[in-house]
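Below you'll find the structure, written out as structure tokens, and then a few comments.
The values are calculated or read from the model by the stated rules, or taken from the named source; none is laboratory data. These figures come from a predicted structure and were not determined experimentally. Cβ: placed from backbone, ideal geometry, glycine included. Neighbour counts: every protein chain shown. Please note that ligands, DNA and RNA were not included when accessible areas were found on the heavy atoms of the full protein model with its side chains. Shrake-Rupley method; radii C 1.70, N 1.55, O 1.52, S 1.80 Å.
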Amino acid sequence: MQHSEQSLHGQGGLLTRFQDYLGEFVYGGIDGSVTTFAVVAGASGAGLDSSVVIILGFANLIADGFSMSVVSYLSNKSEIETYEKHKQIEYWEVDHIPHKEREEVEEIYMEKGFKGDLLKQIVDHITADKDRWVDIMMKEELELIKPSKSAIAMAIMTFVSFNIVGFIPLAVYLLDYLNPVESDLFLISSILTGVAFIAIGWLKSYVNETNRLRSIFETLLLGASAAVLAYVAGNYLETLFG
């Protein structure tokens, strides 16, 4: 059976168009759903009513979502700045110590198995163009690839995913506040959040190209562990101070 290179690398299809930002969406969504569900579980363990859960939940969504987006922005911006700094250094070295940089190119391609006239032709071709020369040094010597993602777009994606997925545990409490629900709110929230964990786990497996069932299980386990800890803490504190 023939396989295209894209299919072998897990590429192709609708999600591929958003591949650059899908990873950020996944991890923002995981953090949003886990932390918000932990807040809901803690509040439920403490026996707090829907209005308090909503206040605590939305405060978490806005504050933690913004904090995560700032961290994402600074991290990606730092990556871009690091690349540009080393690129300028390479340009300076090509301009001021070209003989040394040429020797480094020769060493790189000698290690790849090239030698003799062919090696000389390759080195001559690379060093004939300054931009190509610097590009080769960035990739082969420093092992740096120019970041293709916008730091601002990544931050926005983090904030949006954190709030969209993180809102799911709160949805039934907001509904109950607007129109009382005659059911176990925490149970409904747990089921909805479980579905969200499954979806995020599946997306995580797509991004990391790992086993889907394992990824889903890991995400569910992470969320459940955070919820149990928060519920026990909330219940204990309510007994202690209630």
Exercise for review: Would you point out the residue of the range 108-135, among those that are surrounded by 11 or more Cβ atoms within 10 Å (Cβ to Cβ) and of a type in the set (Asp, Glu), that is farthest from the chain's Cα centre (by Cα)?
Suggested key: ASP124
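Any residue at all in the range 45-56 that's touching a Lys or Arg at 6+ places or on another chain (Cβ under 9 Å), in contact (Cβ under 8 Å) with a residue 60 or more places away in the chain and open to solvent by 50 Å² or more (accessible area, probe 1.4 Å)?
Within the range 45-56, not a single residue is touching a Lys or Arg at 6+ places or on another chain (Cβ under 9 Å), in contact (Cβ under 8 Å) with a residue 60 or more places away in the chain and open to solvent by 50 Å² or more (accessible area, probe 1.4 Å).
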**Study point:** Test: residue in the range 167-183 that is assigned to a helix (DSSP H, G or I), open to solvent by less than 50 Å² (accessible area, probe 1.4 Å) and under 14 Å from ILE30 (Cβ atoms)
**Key:** yes
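Test of understanding: among HIS9, HIS3, which residue is under 22 Å from the mean Cα position of the chain (by Cα), loosely packed, with under 14 Cβ neighbours inside 10 Å and either modelled with pLDDT of 50 or more or more than 21 Å from PHE217 (Cβ to Cβ) (or both)? Spell out the reasoning first.
On the way: HIS3 fails: under 22 Å from the mean Cα position of the chain (by Cα).
That would be HIS9, the only listed residue that is under 22 Å from the mean Cα position of the chain (by Cα), loosely packed, with under 14 Cβ neighbours inside 10 Å and either modelled with pLDDT of 50 or more or more than 21 Å from PHE217 (Cβ to Cβ) (or both).
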**Study point:** Odd one out for ALA153, checked against (1) surrounded by fewer than 17 Cβ atoms within 10 Å (Cβ to Cβ); (2) in contact (Cβ under 8 Å) with a residue 60 or more places away in the chain; (3) touching an Asp or Glu at 6+ places or on another chain (Cβ under 7 Å)
**Key:** (3)
Revision key, fill the gap. Note on the range 179-218: residues under 19 Å from VAL53 (Cα atoms) and either without any contact (Cβ under 8 Å) to a residue 12 or more places away in the chain or of a type in the set (D, E, K, R) (or both) are ASN179, PRO180, VAL181, GLU182, SER183, ASP184, LEU187, ILE191
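Check the range 30-37 and report whether any residue there is aromatic (Phe, Trp, Tyr), at pLDDT below 85 and within 28 Å of PHE167 (Cα to Cα).
Pass one, the range 30-37, residues aromatic (Phe, Trp, Tyr): 37.
After this cut, where a residue has to be at pLDDT below 85 as well, the list is none.
Checked against the condition, which is being aromatic (Phe, Trp, Tyr), at pLDDT below 85 and within 28 Å of PHE167 (Cα to Cα), the range 30-37 yields no hits at all.
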Revision key, fill the gap. Checking SER205, SER148 in turn, the sole residue that is modelled with pLDDT under 95, hydroxyl-bearing (Ser, Thr, Tyr) and open to solvent by less than 50 Å² (accessible area, probe 1.4 Å) turns out to be SER205
